[in-house]
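The structure appears below as structure tokens.
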Amino acid sequence: MSGKKGGKMKLMVKECLIKNLNADVLVIPVFKDMENKEKMFVEVNNILNKLLSQTIYENPDIGEEGKFHMFYTNSRLKLKRVLLAGLGESDELDLEKIRNLGGKLAAHIKNNSMKDVAFLSFGYDLKNVTIEAASKALVVGFKLGDYKYEEFKTENMGTKEADKGKKKYKGINSLLFVPQVKSDLKLIENVIKDAEIVSNNVCIVRDLVNKPANMLSPSLYVKEIKKIFTKSKVKVKILEEAAIKKEKMGCIINVAKGSVEKPKLVVLTYSPPKAKKTIVFVGKGVTFDAGGTNLKPSQYISNMKQDMGGSAAVVGAVKSAAEMKFPIKVIGIMPLVENLISGTAMKTGDVITAANGKTIEVENTDAEGRLILADALHYATKFKPYCIVDIATLTGAASVALGSRCTSLMGNDQDLIKNLIEAGEKMHEKAWQLPLFKEYDEDIKSDIADLKNMGNPGGEAGTIIGGMFLQNFIGENKWVHLDIGATAFTAKPNAYKSKGATGVPVRMLVKWMRGLF
Ligand code: BES
Ligand code: ZN
Ligand code: ZN
């Protein structure tokens, strides 16, 4: 399932007697250390003629983390199957284990061609985590685990002329929470809508990042963005080339010169009445990064469709804020370009002028992200925001610094940094701080201009140098830079992350925004 069809899976909460449940499978989460496990499920067990206690008796590993046991009810119930899903020791439970369970469940259910799922919701022995947090985590794991990018698999496309190009829905139809404790119903109901919004938006971000660059040039990307925000409270404004020139955004103009595709600057605005604060997200939107005149070698050019991952995360964050009616004004600024090589491309060594008047010697045309962000960050300062957060697949060096399991974070305000790192920790979208020591400024001094766009040869401290460069364009504002060069796209899938686009760091940003009001 991909994002556009994400809304198809119905999420529900209903009190229901097991004997009346109509679903392909009833999932019962079990802990390893639950004594007399079968007593917890008296109702199911009785109806099933003790099939449940028998299964538990015969399988001592039931309850072990990640272990599934499924059995058929053999028509004793409207329900077709029962699946016991292990969560490990009850006092070692955390939200990531629940997300992983959700992801694994989605895969298992899909592989067994089941469509309608009932989940006997926690409610007993839940330690360390609340029922609300547990339910949210399950929805997130389940929906993201159900994600697969298959837009261009012909087998998934309709056969009728009218259906051509539209994907057939092959995912799970419904997930029904059946609370074990009556009072949990309201609690679960209150939170799963938000979890659904965020998960759907992460799927939309993954779809955008997974889209091949020929399907998502700057002009096609703008069309997608307009589609995504139709009937939304978010206003979409596009600055075309002429407006970009008028704003004196020399960096965006120069990076885009190598392509026939014109640059665009997208400005998203979510402005609720009586907003408490204004925040600005800025996202790198290089729809394909060939490196320009400093052409990338083959092994580094594959997957460079991901180079708009920062801008896609901005789409996801602004959309989530609007749909969850956050009482803050959220602006999203996304410069969109292709970084290509041609007779009109910017040349290595060129000197260009950013919108804030600073001159830059382009020592490497492949360090284009920081150039387009320079203009976009300067534009962001005009909104007089509480803070600016930029998100960018800025450096390959981020993989060297922290690897693919953690986003590199830099900034000029320790409180802001701490809050973002904490939000990431809670959502398991980890980020860690790299320093922006003054001393590094020496490395981006140019002999002939104010700045140069790369540091020492050999890529020394490459990720930090990226941050140091950007710092020149943020004025006096509080600012954080998230380098997702190692985390936006993955070759290491897990239970709820498929290969390719991850949707990072949307869930982190949403969690962080919640702390702002
Ligand atoms: N888009 C790349 C960074 C990147 C690499 C993102 C791999 C995701 C995966 C960026 O524009 C780039 O090429 N950066 C250079 C900077 C260098 C020339 C100073 C890099 O990281 O090598
Ligand atoms: Zn580049
Ligand atoms: Zn790039």
_Near pairs, Cβ below 9 angstrom, 6+ apart or cross-chain, from the stretch 363-380 (farther than 16 Å from Gly485 by Cα and among the small types (Gly, Ala, Ser)) to any residue that is assigned to a loop (DSSP other than H, G, I, E, B) and within 15 Å of ligand 3 (Cβ to nearest atom)_ = Ala374/Asn453; Ala376/Lys284
*Index of the failed condition, Leu394 passing every other in (1) open to solvent by 10 Å² or more (accessible area, probe 1.4 Å); (2) away from ligand 3 (no atom under 16 Å from the Cβ)*: (2)
_Taking the conditions exactly as written (closer than 16 Å to Leu451 by Cα, open to solvent by 10 Å² or more (accessible area, probe 1.4 Å) and of a type outside the set (Gly, Ala, Ser)), does Glu363 satisfy them or not?_
yes
*Wholly within the stretch 23-122, which helices (runs of 4 or more DSSP H) include no fewer than the required count, namely at least 3 residues that are within 30 Å of Glu425 (Cβ to Cβ)?*
95-111
*asked:* Any residue at all in the stretch 266-282 that's assigned to a loop (DSSP other than H, G, I, E, B), modelled with pLDDT under 95 and more than 25 Å from Val504 (Cβ to Cβ)?
replied: yes
*Total residues in the stretch 36-90, condition closer than 19 Å to Leu138 by Cβ and open to solvent by 90 Å² or more (accessible area, probe 1.4 Å)*: 1
*Within the bounds of the stretch 362-383, is there any residue that is charged (D, E, K, R), in contact with a Ser or Thr (Cβ under 9 Å, 6 or more places away or on another chain) and away from ligand 2 (no atom under 16 Å from the Cβ)?*
no
*Odd one out for Ser113, checked against (1) among the small types (Gly, Ala, Ser); (2) modelled with pLDDT under 95; (3) open to solvent by 10 Å² or more (accessible area, probe 1.4 Å); (4) closer than 24 Å to Ile47 by Cβ*: (4)
*Name the single residue, out of those in the stretch 124-149 being part of a loop (DSSP other than H, G, I, E, B), of a type outside the set (Phe, Trp, Tyr) and open to solvent by 30 Å² or more (accessible area, probe 1.4 Å), that is modelled with the lowest pLDDT.*
Asp125
*When the stretch 303-321 is examined, which residues are found to be of a type in the set (Gly, Ala, Ser) and closer than 12 Å to Leu216 by Cβ?*
Gly309, Ser311, Ala312
_Check on Lys264, open to solvent by less than 30 Å² (accessible area, probe 1.4 Å) and within 19 Å of the chain's Cα centre (by Cα)_ = no
*Residues being more than 11 Å from ligand 2 (Cβ to nearest atom) and either among the aliphatic types (A, V, I, L, M) or within 15 Å of Met308 (Cβ to Cβ) (or both) - total across the stretch 384-394*: 4
*Could you tell me which residue of the stretch 468-517 is farthest from Asn100 (Cα to Cα), considering only residues that are within 16 Å of ligand 2 (Cβ to nearest atom) and aliphatic (A, V, I, L, M)?*
Leu470
_Flag if Ser298 is of a type in the set (S, T, N, Q) and within 13 Å of ligand 1 (Cβ to nearest atom)_ = no
*Inspect all residues belonging to the stretch 329-346 and state whether any of them is of a type in the set (S, T, N, Q), over 30 Å from Gly515 (Cβ atoms), open to solvent by 10 Å² or more (accessible area, probe 1.4 Å) and within 15 Å of ligand 1 (Cβ to nearest atom).*
no
*Scanning for something within 16 Å of ligand 1 (Cβ to nearest atom), more than 15 Å from the chain's Cα centre (by Cα) and either at positive phi or touching a residue at least 12 places away in the same chain (Cβ under 8 Å) (or both), does the stretch 492-510 turn up at least one residue?*
yes
*asked:* Restricting to the stretch 431-470, name every residue that is basic (Lys, Arg) and open to solvent by 80 Å² or more (accessible area, probe 1.4 Å).
replied: Lys438, Lys445
*Within the stretch 304-344, track down each residue that is within 13 Å of ligand 2 (Cβ to nearest atom), of a type in the set (A, V, I, L, M) and not in a strand (DSSP E or B).*
Met304, Met308, Leu340, Ile341
*Can you tell me which residue in the stretch 346-355 is nearest to ligand 2 (Cβ to nearest atom), limited to those that are of a type outside the set (A, V, I, L, M, F, W, C) and in a loop (DSSP other than H, G, I, E, B)?*
Thr348
*Filter result (closer than 18 Å to Val315 by Cβ and of a type outside the set (Val, Ile, Thr)) within the stretch 384-393*: Asp390, Ala392
*Only one of (1) among the aliphatic types (A, V, I, L, M); (2) crowded, with 18+ Cβ neighbours inside 10 Å; (3) closer than 20 Å to Lys382 by Cα is not met by Ala242, so which one is it?*
(2)
*Within the bounds of the stretch 179-197, is there any residue that is surrounded by 20 or more Cβ atoms within 10 Å (Cβ to Cβ), closer than 29 Å to Ser498 by Cβ and acidic (Asp, Glu)?*
yes
_Return the residues of the stretch 270-315 that are touching a residue at least 60 places away in the same chain (Cβ under 8 Å), more than 16 Å from ligand 3 (Cβ to nearest atom), within 24 Å of the chain's Cα centre (by Cα) and surrounded by fewer than 18 Cβ atoms within 10 Å (Cβ to Cβ); say none if nothing qualifies._
Lys277, Thr278
*Of all the helices (runs of 4 or more DSSP H) wholly in the stretch 356-467, which have at least 3 residues that are hydrophobic (A, V, I, L, M, F, W, C) and over 20 Å from the mean Cα position of the chain (by Cα)?*
369-381, 397-402
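The values are calculated or read from the model by the stated rules, or taken from the named source; none is laboratory data. Quantities reported herein were computed from a predicted structural model and do not represent experimental measurements. Cβ atoms come from the backbone with ideal geometry, glycine included; neighbour counts cover every protein chain shown. Keep in mind that these areas ignore ligands, DNA and RNA; they rest on the heavy atoms of the full protein, side chains included. Shrake-Rupley method; radii C 1.70, N 1.55, O 1.52, S 1.80 Å.
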